[in-house]
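Trainee: Have a look at this one.
The values are calculated or read from the model by the stated rules, or taken from the named source; none is laboratory data. What you see is a predicted model; the values in this text were computed from it and never measured. Ideal geometry is used to build each Cβ from the backbone, glycine not excepted, and the neighbour counts take in all protein chains shown. Ligands, DNA and RNA are stripped out before the accessible areas are found, and what is left, the full protein with its side chains, is counted by its heavy atoms. Shrake-Rupley method; radii C 1.70, N 1.55, O 1.52, S 1.80 Å.
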Amino acid sequence: MKRPTIADLAKESGVSVSTVNRILGGSAPVRGTTMQRVQLAAERIGYSGLGAIEHRLRDSAPNYRLGFLLQQSTRDLYQLFGKRIVAACRGRRDEVVDPLVDFVDLLTPDNIAARLMALGKECDAVAVTAADHPVINHTIRELREQGKPVVSYITDQSAPERAAYVGTDNWKLGRTAGYLMAQMTNGPGRVAVFIGNHRYQCQDVSDASFRSYIREHAPRLTIEESRPTYEEPRNAYQMVSELLRTTDDLAGILIVGGGISGVLRALRELPEEQRKSIRLVCRDIGPETRRGLSEGLITAALCHPMEQTSELLVQTMIDAIEGDSTEATMQRTIPFEIITPENI
């Protein structure tokens, strides 16, 4: 194949050949947004001078290294979040953002705290998705003292030293799940609630507000005690299977944590008529959730819009780096999406 030329790059990026030459030569000023447009075009067409463009861009724009500590590398949901985060960093128009995405599979507080501290040593700011725990809060405090802002992502932390929270309004999410459950069930019945871990604030708040709505508007439904799955599909499968064997009036299931694949596996083993009588509401979406929606097993998924949430997260981390270290914690919420089998 013919190697792309400067003229090809200029055409692909929508600028003049002289502009490309100024970027490559580094001898004349060019707007940062223009250089980023040329950089993206060079990546698309495989231009050989991409390294020179990236070097010029780094020299002319603010540079940040941002760390992101996500959970469970084996879960498609978190892999998708990781990809959206990287795209949000690469898509910044006025800064050069180098993302460092890490996944933690051993979800003990000590391990998460250690990985968070390691990221903090390498990055200008860190985002974390984790259960709320004193050990993790202590690490957030230590990083704050070192001038490294920590932003809680998806689920909040109680540490007053955190710089910001970015995610949905979990009280509204739980109330919405209650509304859907009340509208889509008839008569009395039981509703089972599965939670990943009671220390995840997003899950605990959603659980509480779900119960609040049902008490207020659908007292005909009996909400069972929350069952922790510890984010493991195998645990969820065993617990749902046992529930289905011992309960004959199950009207609905709310799952506000991980383990959706285990729940769906248990439901698929039921006779079709019994499956159709159970309403399942979950949060967040990945390939397994989409499959469950397409099969009609899931009534609705209430989830973060991944692209917008990732962009807001990156912007918030930059704001935390550039802001006053004494500034109060930023709370930035984004509306959740409601996905059903009809709009998937």
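Trainee: Output the residue which, of all residues in segment 228-252 that are under 26 Å from SER73 (Cα atoms) and of a type in the set (Val, Ile, Thr), is modelled with the highest pLDDT.
Mentor: Ranking the qualifying residues of segment 228-252, first place goes to VAL240.
Trainee: Report whether or not TYR64 is open to solvent by less than 50 Å² (accessible area, probe 1.4 Å) and in a strand (DSSP E or B).
Mentor: When the stated conditions are applied, TYR64 passes them.
Trainee: Quick test for you: out of ALA42, ALA52, pick the one residue that is open to solvent by less than 40 Å² (accessible area, probe 1.4 Å), aliphatic (A, V, I, L, M) and either assigned to a helix (DSSP H, G or I) or more than 22 Å from GLY91 (Cα to Cα) (or both).
Mentor: Working: ALA52 fails: open to solvent by less than 40 Å² (accessible area, probe 1.4 Å).
None of the others qualify; the one that does is ALA42.
Trainee: Considering only segment 186-226, how many residues are of a type outside the set (D, E, K, R) and farther than 14 Å from LEU254 by Cβ?
Mentor: Step one: of segment 186-226, the residues of a type outside the set (D, E, K, R) are 186-189, 191-198, 200-203, 205-206, 208-210, 212-214, 217-219, 221-223, 226.
Checking the rest, the ones that are also farther than 14 Å from LEU254 by Cβ come to 186-188, 197-198, 200-201, 217, 219.
Qualifying residue count for the region: 9.
Trainee: Looking only at residues that are open to solvent by 20 Å² or more (accessible area, probe 1.4 Å) and among the charged types (D, E, K, R) in segment 278-292, which one is nearest to the chain's Cα centre (by Cα)? Please lay out each step first, then the result.
Mentor: In the first step, residues of segment 278-292 are kept if they are open to solvent by 20 Å² or more (accessible area, probe 1.4 Å); the result is 279, 283, 287-288, 290-291.
If we keep only those that are among the charged types (D, E, K, R) too, we end up with 279, 283, 288, 290-291.
Numbers: ARG279: 25, ARG283: 11, GLU288: 16, ARG290: 16, ARG291: 19 Å.
Here the residue is ARG283.
Trainee: Something else about it: Out of all the residues in segment 89-105, is one or more small (Gly, Ala, Ser) and surrounded by 20 or more Cβ atoms within 10 Å (Cβ to Cβ)?
Mentor: From segment 89-105, those small (Gly, Ala, Ser) are 91; that's our starting set.
Subset that is surrounded by 20 or more Cβ atoms within 10 Å (Cβ to Cβ): none.
Scanning segment 89-105 turns up no residue that is small (Gly, Ala, Ser) and surrounded by 20 or more Cβ atoms within 10 Å (Cβ to Cβ).
Trainee: From GLY26, GLY49, GLY14, GLY67, grab the single residue that is in contact with a Lys or Arg (Cβ under 6 Å, 6 or more places away or on another chain) and touching a residue at least 12 places away in the same chain (Cβ under 8 Å). Please lay out each step first, then the result.
Mentor: Details: GLY49 fails: in contact with a Lys or Arg (Cβ under 6 Å, 6 or more places away or on another chain); GLY14 fails: in contact with a Lys or Arg (Cβ under 6 Å, 6 or more places away or on another chain); GLY67 fails: in contact with a Lys or Arg (Cβ under 6 Å, 6 or more places away or on another chain).
Of GLY26, GLY49, GLY14, GLY67, the one residue that is in contact with a Lys or Arg (Cβ under 6 Å, 6 or more places away or on another chain) and touching a residue at least 12 places away in the same chain (Cβ under 8 Å) is GLY26.
Trainee: Does ALA10 meet the test of being more than 27 Å from the chain's Cα centre (by Cα) and either open to solvent by 50 Å² or more (accessible area, probe 1.4 Å) or within 26 Å of GLU311 (Cβ to Cβ) (or both)?
Mentor: Details: more than 27 Å from the chain's Cα centre (by Cα): yes; either open to solvent by 50 Å² or more (accessible area, probe 1.4 Å) or within 26 Å of GLU311 (Cβ to Cβ) (or both): no.
Answer is no for this residue.
Trainee: What is the one condition in (1) crowded, with 17+ Cβ neighbours inside 10 Å; (2) in contact with a strand residue (DSSP E or B) (Cβ under 9 Å, 6 or more places away or on another chain) that THR74 does not satisfy?
Mentor: Condition not satisfied by THR74: (1).
Trainee: Let me ask something else. Filter the helices (runs of 4 or more DSSP H) completely within segment 126-225 down to those with at least 1 residues that are in contact with a Phe, Trp or Tyr (Cβ under 6 Å, 6 or more places away or on another chain) and more than 20 Å from ILE85 (Cβ to Cβ). First the steps, then the outcome.
Mentor: Values: elements: 134-145, 170-183, 201-217.
Result: 170-183, 201-217.
Trainee: Quick test of your reading of the structure: LEU80 fulfils all but one of (1) in contact (Cβ under 8 Å) with a residue 40 or more places away in the chain; (2) part of a helix (DSSP H, G or I); (3) touching an Asp or Glu at 6+ places or on another chain (Cβ under 9 Å). Name the failing condition by number.
Mentor: The number of the failed condition is (3).
Trainee: If the requirement is being touching a residue at least 24 places away in the same chain (Cβ under 8 Å) and either open to solvent by 50 Å² or more (accessible area, probe 1.4 Å) or within 14 Å of the chain's Cα centre (by Cα) (or both), which of these qualifies: VAL86, VAL128?
Mentor: On the way: VAL86 fails: touching a residue at least 24 places away in the same chain (Cβ under 8 Å).
Result of the check over VAL86, VAL128: VAL128.
Trainee: Something else about it: If the requirement is being open to solvent by 70 Å² or more (accessible area, probe 1.4 Å), among the charged types (D, E, K, R) and under 14 Å from the mean Cα position of the chain (by Cα), which of these qualifies: GLU269, GLU307, GLU295, GLU273? Don't jump to the end; show me each part of the working.
Mentor: On the way: GLU269 fails: under 14 Å from the mean Cα position of the chain (by Cα); GLU295 fails: under 14 Å from the mean Cα position of the chain (by Cα); GLU273 fails: under 14 Å from the mean Cα position of the chain (by Cα).
After ruling out the rest, the residue left standing is GLU307.
Trainee: Okay, moving on. Just for segment 316-332: of the residues that are surrounded by fewer than 15 Cβ atoms within 10 Å (Cβ to Cβ) and in contact with a helix residue (DSSP H, G or I) (Cβ under 9 Å, 6 or more places away or on another chain), which one is modelled with the highest pLDDT?
Mentor: If we take residues in segment 316-332 being surrounded by fewer than 15 Cβ atoms within 10 Å (Cβ to Cβ) and in contact with a helix residue (DSSP H, G or I) (Cβ under 9 Å, 6 or more places away or on another chain), then GLU327 is modelled with the highest pLDDT.
Trainee: While we're here: Looking at (1) at pLDDT below 90; (2) of a type in the set (A, V, I, L, M, F, W, C); (3) outside any helix (DSSP H, G or I); (4) closer than 29 Å to GLY323 by Cβ, find the lone condition where MET1 falls short.
Mentor: The number of the failed condition is (4).
Trainee: Out of curiosity, is ALA177 surrounded by fewer than 18 Cβ atoms within 10 Å (Cβ to Cβ), within 25 Å of the chain's Cα centre (by Cα), of a type in the set (Gly, Ala, Ser) and modelled with pLDDT of 95 or more? Give the derivation first.
Mentor: Working: surrounded by fewer than 18 Cβ atoms within 10 Å (Cβ to Cβ): no; within 25 Å of the chain's Cα centre (by Cα): yes; of a type in the set (Gly, Ala, Ser): yes; modelled with pLDDT of 95 or more: yes.
Here the answer is no, as ALA177 does not meet what is asked.
Trainee: What residue, of SER226, SER206, is among the small types (Gly, Ala, Ser), within 20 Å of the chain's Cα centre (by Cα) and buried (at least 17 other Cβ atoms within 10 Å of the Cβ)?
Mentor: Numbers: SER226 fails: within 20 Å of the chain's Cα centre (by Cα).
Checking each option against the conditions leaves just SER206.
Trainee: Out of curiosity, is GLU342 more than 19 Å from ALA192 (Cβ to Cβ), touching a Lys or Arg at 6+ places or on another chain (Cβ under 7 Å) and surrounded by fewer than 16 Cβ atoms within 10 Å (Cβ to Cβ)?
Mentor: Working: more than 19 Å from ALA192 (Cβ to Cβ): yes; touching a Lys or Arg at 6+ places or on another chain (Cβ under 7 Å): no; surrounded by fewer than 16 Cβ atoms within 10 Å (Cβ to Cβ): yes.
No: the conditions fail for GLU342.
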